[in-house]
Amino acid sequence: PLSLSHTGGGGGGREKNPSMATIVNTTEEEPMLAVVRSTAQLAWADAGPEVADPEVARLCAEAQQHLLAGRWLDMATLMLASADLLLLSPSAPDKAADLECILTVICNLVTMAGSEDEALEIAKLICAKLTHQPPADKPTLRIKVLFSLYNLLPSLSGKAMVYRKALEVAAAAAGKAAADCVVPTFKNIDAFVAYWGIGKPEQRELFLAITRILKDHKGMTKDYFKFLNKYLATFDGSAGDADAIAAAKEEAAAAIVEFVKSSDLYQCDLLDMPAVAQLEKDDKYQPVYELLKIFLTQRLESYLAFQTANSTLLQGYGLVHEDCITKMRLMSLLDLSGHCSGEIPYSAITKALEINDDVVEYWIVKAISSKILDCKVDQLNQLVIVRYSCPQDFLGPYYSVILSFLVNTCSEM
């Protein structure tokens, strides 16, 4: 089974060192009753004994009844209400460590539930409490508690739900500390998806949530593009996707922009995705789609014409013209290598890249260092001998070959 651990850094918000936690003595009393008593006393501390004592006694008596009757969902509701009173209490504005202890005890209720359905209902109550707090209020603590809840839940669908709620907290917090709690788990996301057994709609929601966390996370542009691709790939263009796919236009355009911006990406499957193809007929995003087609299927000449007519659009997406020219020259060289018979004359390179003869070898070296071309230079005959070039459309040229190989392999088994 796949478990989650809290690996986030520093606190964020107003979280305190665990050493500041109030010690709750549970040696002579059931832990759940001790939590109810402790939180009630803290929450009503400012009301005076005349008001506080009857309220504390009432809450403890109600908790005792739920405990004896095995009403764990009711117990969770009562305990969460007490935790909420503690959170809102003016005498305890900064009780993060206490709150973590309390919520950990409440999370353990899912292990006592009589069925997976009851455990799931308890988990939903806890998730609702943790996600409906002010975004900047102790997000790392709330994510840590959600991870604990995830590990306690028996239901795989429940685990998937709790994980998505942790992502929701991290996205809402919009801070590095909260994001750092969940980002390390993204490397295992394929294993999580397989383990949970969730369908395409749930995967789509999951990948979209991840992209929203990674979008502004420094140093994660490759992962951002990766998860944009995962999200867009969940749309197959079927009639059942008709409504949902229309909502993916912004992410489809973002994926195109990230591809064009990147100095490391020279191949992608975006043109083959229905979620991206829909942009071709969209008034707002059609120019972005055209830009993708230029980078994947055309050469520098076409980009320069596009830039002349759409300079404002490129600037609006944060695309730097000089960087685009550099990438487009490499893409043009890549396109040349895919249409030659193993040899590219210098003259063809100077024409396609719009460069002088004396810098041809500079661009060849740049293509080799970018790992998009494996070749050698015949300076005497002014030829580039191509041994390998990566396809711009990752599957396009080789799809039929790969499919044929798989079919033949399966038939022989």
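Since every read-out is calculated from the coordinates, none of them should be taken as a lab result. The model shown is predicted, which means the values in this text are computed figures rather than measured ones. Neighbour counts run over all protein chains shown; Cβ positions are idealised from the backbone, glycine included.
In the set (1) farther than 20 Å from Pro139 by Cβ; (2) in contact with a His (Cβ under 8 Å, 6 or more places away or on another chain), the condition left unmet by Val183 is number (1). Got at least one residue in the range 177-187 being small (Gly, Ala, Ser) and buried (at least 21 other Cβ atoms within 10 Å of the Cβ)? Looking for residues that are small (Gly, Ala, Ser) and buried (at least 21 other Cβ atoms within 10 Å of the Cβ), one finds at least one in the range 177-187, hence yes. Name the residue, out of Arg212, Arg204, that is part of a helix (DSSP H, G or I) and surrounded by fewer than 20 Cβ atoms within 10 Å (Cβ to Cβ). One residue alone meets the criteria, Arg212. Counting the residues of the range 135-159 that are within 19 Å of Thr104 (Cα to Cα) and part of a helix (DSSP H, G or I) gives 16. Under the condition of being surrounded by 23 or more Cβ atoms within 10 Å (Cβ to Cβ), among the small types (Gly, Ala, Ser) and closer than 25 Å to Lys218 by Cβ, the residues counted in the range 156-176 number 3. Given the criteria without any contact (Cβ under 8 Å) to a residue 60 or more places away in the chain and over 17 Å from the mean Cα position of the chain (by Cα), does Leu153 qualify? Answer is yes for this residue. Criterion applied to Lys366, Lys371, Lys376 was being loosely packed, with under 15 Cβ neighbours inside 10 Å and either in contact (Cβ under 8 Å) with a residue 12 or more places away in the chain or assigned to a loop (DSSP other than H, G, I, E, B) (or both), and the one residue passing it is Lys371. Taken over the range 29-64, the criterion of being surrounded by fewer than 18 Cβ atoms within 10 Å (Cβ to Cβ), assigned to a helix (DSSP H, G or I) and either more than 43 Å from the chain's Cα centre (by Cα) or among the basic types (Lys, Arg) (or both) is satisfied by Asp46, Ala47, Pro49, Glu50, Val51, Ala52, Asp53, Pro54, Glu55, Ala57, Arg58, Ala61. Filtering Val169, Val183 for residues that are of a type in the set (Val, Ile, Thr), in a helix (DSSP H, G or I) and farther than 30 Å from Gly114 by Cα leaves a single hit, Val183. Look through the range 219-273, keep the residues that are free of Cβ contacts under 8 Å to residues at least 12 places away in the same chain and loosely packed, with under 15 Cβ neighbours inside 10 Å, and return whichever of them is nearest to Val288 (Cα to Cα). Here the residue is Glu250.
Tell me yes or no: at least one residue of the range 277-300 is under 20 Å from Tyr231 (Cα atoms), in contact with a Leu (Cβ under 8 Å, 6 or more places away or on another chain), surrounded by fewer than 20 Cβ atoms within 10 Å (Cβ to Cβ) and of a type in the set (D, E, K, R). Taking every residue of the range 277-300 in turn, none turns out to be under 20 Å from Tyr231 (Cα atoms), in contact with a Leu (Cβ under 8 Å, 6 or more places away or on another chain), surrounded by fewer than 20 Cβ atoms within 10 Å (Cβ to Cβ) and of a type in the set (D, E, K, R).
Of all residues in the range 297-310, one or more are in contact (Cβ under 8 Å) with a residue 12 or more places away in the chain, under 30 Å from the mean Cα position of the chain (by Cα) and closer than 18 Å to Ala252 by Cβ.
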